[in-house]
1. For the range 124-179, give me each residue that is among the acidic types (Asp, Glu) and more than 16 Å from the chain's Cα centre (by Cα).
2. Consider the range 114-151. How many of its residues are in a loop (DSSP other than H, G, I, E, B) and either at pLDDT below 95 or within 16 Å of the ligand (Cβ to nearest atom) (or both)?
3. Working only within the range 276-293, note down all residues that are touching a Ser or Thr at 6+ places or on another chain (Cβ under 7 Å), in a helix (DSSP H, G or I) and surrounded by fewer than 22 Cβ atoms within 10 Å (Cβ to Cβ).
4. Any idea how many residues of the range 1-43 are out of contact with any Cys (no Cβ under 7 Å at 6 or more places or on another chain), hydrophobic (A, V, I, L, M, F, W, C) and over 12 Å from ASP82 (Cβ atoms)?
5. Check PHE305, PHE286 and return the single one that is touching an Asp or Glu at 6+ places or on another chain (Cβ under 7 Å) and of a type in the set (A, V, I, L, M, F, W, C).
6. Among the residues of the range 254-275, count how many are assigned to a loop (DSSP other than H, G, I, E, B) and within 21 Å of GLY241 (Cα to Cα).
7. When residues of the range 176-224 are filtered for being within 12 Å of the ligand (Cβ to nearest atom) and over 20 Å from ALA301 (Cα atoms), how many remain?
8. Would you mention how many residues in the range 98-151 are hydroxyl-bearing (Ser, Thr, Tyr) and touching an Asp or Glu at 6+ places or on another chain (Cβ under 8 Å)?
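The values are calculated or read from the model by the stated rules, or taken from the named source; none is laboratory data. What you see is a predicted model, and the numbers here were worked out from it, not measured in a lab. Cβ atoms come from the backbone with ideal geometry, glycine included; neighbour counts cover every protein chain shown.
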Amino acid sequence: MNKVIMITGANTGIGKDTARQLALKSETTKIYLACRNKAKAEIAKKDLEKITGRKIFEIIILDVSDTDSVRKAVRNLKEPIDAIILNAGGVGGKTPRALTKDGVTTITAINLLGHVVLVNELLDANKLRNTVLFASSEAARGIKKTGMKRPDLKTSSIEEFRNVFNGQYFGSDFDALQVYGVIKYGGTLWMSSMARKYPHIKFLSISPGGTRGTEGFDSLPFLQKIMFKYIGMPIFMPLMGLSHSLPKGAKRFVDGINNPNLESGGFYASKENVLTGPIIDQSVIFQDLKNEQYQDNAYEAIQSFA
Ligand SMILES: NC(=O)c1ccc[n+]([C@@H]2O[C@H](COP(=O)([O-])OP(=O)(O)OC[C@H]3O[C@@H](n4cnc5c(N)ncnc54)[C@H](OP(=O)(O)O)[C@@H]3O)[C@@H](O)[C@H]2O)c1
């Protein structure tokens, strides 16, 4: 049973609603809100205390794009946690392509590298007991209806994954929405590799599905933002089974961390032509997800920056 849970990017969107729903379960005894901005985290904590009536939230300051801050946060953590939800992420802010001091693009750092270092440090310090949940996305297997292409690497070698993570793979064609899908794919493969390396911990990749009411599209270029946030998500996407409410998106994480039917190393998300509804094993849709060599290559590639 997961009683003590940490959530990255918990001050808004799916992370915050996941915290709210988990706090409404009596078995949850502590929720660490791992956020980069203290002021935003404090507002979220107060709000969560008010709406849930529970004082079980603690703030941990952690910026997933800065691996030193991640290491410091783990050093400062006073107790082991049962589960971690690797939720922080998105399309990379205003500068998704900019390299961090570790040599990866910002979009890789916030979705993946910071989380890789976080899990490594927690495991090394014996501060993680049961479950790791990675916020993946259907973009990791392609979403035809929204024009997000299925990742199609040439060799899926360690070197190719390194070039995905440092941006060189994309050359001058760096469309943050497309790159996002390939990074989530790499992260999902890393999780499957981790599941085989650490059999005593459960590693689950789950997509929240197309979820409205978040800030996820705010940093996209103007036209893409208008298309997705104000036209696509609220008007057309619900009609096409491509978006659902914030509580529904977060519920996938809340149910996922305690669901004994989900297998460690698996990637669970929507059925092929929708972004809502029940979750299914995504390797049925995209077989590369099951390829252990690809999984280990993605693992080696991202670890080489950690
Ligand atoms: N919404 C969807 O339809 C959808 C679909 C599939 C997958 N997902 C995934 O679900 C997760 C949550 O998405 P969302 O829609 O809830 O996004 P959101 O509303 O933009 O929230 C993202 C959260 O991540 C935090 N964050 C971003 N960069 C960070 C950093 N460097 N260090 C620490 N925290 C950072 C943000 O903090 P600040 O407030 O400080 O920026 C915020 O709390 C993401 O991983 C996203 O890729 C979302």
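1. Initially, the range 124-179 is screened for residues among the acidic types (Asp, Glu), giving 124, 138, 152, 159-160, 173, 175.
Within the range 124-179, ASP124, ASP152, GLU159, GLU160, ASP173, ASP175 meet the criteria.
2. Qualifying residue count for the region: 7.
3. Of all residues in the range 276-293, those touching a Ser or Thr at 6+ places or on another chain (Cβ under 7 Å) come to 276-277, 279, 289-290.
Those still in the list that are in a helix (DSSP H, G or I) too: 289-290.
Across the range 276-293, the qualifying residue is only LYS290.
4. Final tally of qualifying residues: 10.
5. On the way: PHE286 fails: touching an Asp or Glu at 6+ places or on another chain (Cβ under 7 Å).
PHE305 is the lone residue from the list that is touching an Asp or Glu at 6+ places or on another chain (Cβ under 7 Å) and of a type in the set (A, V, I, L, M, F, W, C).
6. Initial filter on the range 254-275 (assigned to a loop (DSSP other than H, G, I, E, B)): 257-266, 270-275.
If we keep only those that are within 21 Å of GLY241 (Cα to Cα) as well, we get 270-275.
Qualifying residue count, the range 254-275: 6.
7. Summing the residues that are within 12 Å of the ligand (Cβ to nearest atom) and over 20 Å from ALA301 (Cα atoms) in the range 176-224 gives 17.
8. The first filter runs over the range 98-151 and keeps only residues hydroxyl-bearing (Ser, Thr, Tyr), leaving 100, 105-106, 108, 131, 136-137, 146.
With the extra rule that they be touching an Asp or Glu at 6+ places or on another chain (Cβ under 8 Å), the set shrinks to 100, 131.
Adding up the residues that qualify gives 2.
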